[in-house]
């Protein structure tokens, strides 16, 4: 076995030393230190053992070893036994062992058994402890709930955040801050600030805090990713800081309508074009909109019944046209049911039917209301305009072209 260098014990730090006597007082063992402190599950820890003798005679064939009991083990490339050899009176040696800590090691002091022997004595054993604790104390967000789950522009919601201690050690001085400082975050706290505190959490424990927030009236419907700053400490006083994120959904229910823009159809048993306006009167933009004029006994469709409109922004509209022939027995008031299919700002699909209304008249009503006369007057005005233009053209022709 590999020989080790003899050294004076005072050359090693004694802050963690624990002296044990074995072999009828022939040897003293000192647990000098281990690194890292604390040891971490699933990783290695280096352990230094001090061996000294106060015997008046030289001790021969001195050998020491660690007993690899759970949660400690020795890799195949390492040796659990270290040979010192002969130790003169009042001499000392330092041995180093590389131990693997089991990934499931329990937090706290874990026993490590040591043993030594000499040429004249059998093995003598002693125990020491190594403190094991996960190096990273993990505080996680167990759950985020908003009530209501989605908030409209100008609306309020309560965001409840459940924090869970997933570490094997207790956590304390837990501080949470919901960071709403960004100019791109149209959300403000209501009734209280953006910071919360939790005194402490034992391993596996959860605790909830909540924030009351309001969306700006001008907020655009979408999911907003809000930073949540966390600060806390473990039971050894080591501090941690990290940033998680919570999502707040601002949505607006689309509100669509269809109204009649224009038509030249004034009596039954005639055909023509009806112009309709699809209006977005909600706070959410819509996209991929199609408009489908549904069949009716009051009219027959003379054009395709479905029109692709595309996107319509909030407080905007788009015009669509259909050619129809009104039935002879159509009622005076005719509903034009239009099925709208579209996707909102949250990519949710909607299908709804909105109706525009058009009116047809009896011959008596047409005469009394001068409906056709108005149409005729329009034709007369157009005719006069054309005649004036022709006269001006003829006059210019005679004056300039003919003279040449």
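In segment 34-52, the count of residues that are outside the structural domain of residue 203 (by TED's automatic domain parsing), outside any strand (DSSP E or B), touching a strand residue (DSSP E or B) at 6+ places or on another chain (Cβ under 6 Å) and farther than 30 Å from residue 203 by Cα is zero. Yes or no: residue 192 over 15 Å from residue 139 (Cα atoms) and either assigned to a strand (DSSP E or B) or out of contact with any strand residue (DSSP E or B) (no Cβ under 8 Å at 6 or more places or on another chain) (or both)? Here the answer is no, as residue 192 does not meet what is asked. For residue 76, indicate whether it is part of a loop (DSSP other than H, G, I, E, B), in contact with a strand residue (DSSP E or B) (Cβ under 6 Å, 6 or more places away or on another chain) and either modelled with pLDDT of 95 or more or closer than 30 Å to residue 134 by Cα (or both). No.
It is to be established whether one or more residues within segment 200-214 are surrounded by 17 or more Cβ atoms within 10 Å (Cβ to Cβ), in contact with a strand residue (DSSP E or B) (Cβ under 6 Å, 6 or more places away or on another chain) and under 30 Å from residue 281 (Cα atoms).
Yes, there is a match, as at least one residue in segment 200-214 is surrounded by 17 or more Cβ atoms within 10 Å (Cβ to Cβ), in contact with a strand residue (DSSP E or B) (Cβ under 6 Å, 6 or more places away or on another chain) and under 30 Å from residue 281 (Cα atoms).
Restricting attention to segment 232-252 and to residues that are surrounded by fewer than 16 Cβ atoms within 10 Å (Cβ to Cβ) and under 23 Å from the mean Cα position of the chain (by Cα), the residue that is farthest from residue 184 (Cα to Cα) turns out to be 241. Which of the residues belonging to segment 79-113 are more than 48 Å from the chain's Cα centre (by Cα), part of a strand (DSSP E or B) and crowded, with 19+ Cβ neighbours inside 10 Å? Correct list: 82, 84, 87, 92, 93, 94, 95.
Only one of the numbered conditions (1) under 30 Å from residue 195 (Cβ atoms); (2) surrounded by 16 or more Cβ atoms within 10 Å (Cβ to Cβ); (3) modelled with pLDDT under 90 is not met by residue 135, and that is (2).
Do we have any residue at all in segment 362-376 that's assigned by TED's automatic domain parsing to the domain that holds residue 272, touching a strand residue (DSSP E or B) at 6+ places or on another chain (Cβ under 9 Å), modelled with pLDDT under 95 and not in a strand (DSSP E or B)? The answer is no; no qualifying residue exists. Restricting attention to segment 33-77, which residues are surrounded by fewer than 21 Cβ atoms within 10 Å (Cβ to Cβ) and under 13 Å from residue 95 (Cα atoms)? Across segment 33-77, the qualifying residues are 33, 46, 48, 52, 63. Checking each residue in segment 150-186 for being assigned to a loop (DSSP other than H, G, I, E, B) and within 29 Å of residue 235 (Cβ to Cβ) picks out 166, 167, 168, 169, 170, 179.
The values are calculated or read from the model by the stated rules, or taken from the named source; none is laboratory data. All of these numbers come straight from a predicted model, not from anything done at the bench. All Cβ positions, even for glycine, are placed from backbone atoms using ideal geometry, and neighbour counts span all protein chains on display.
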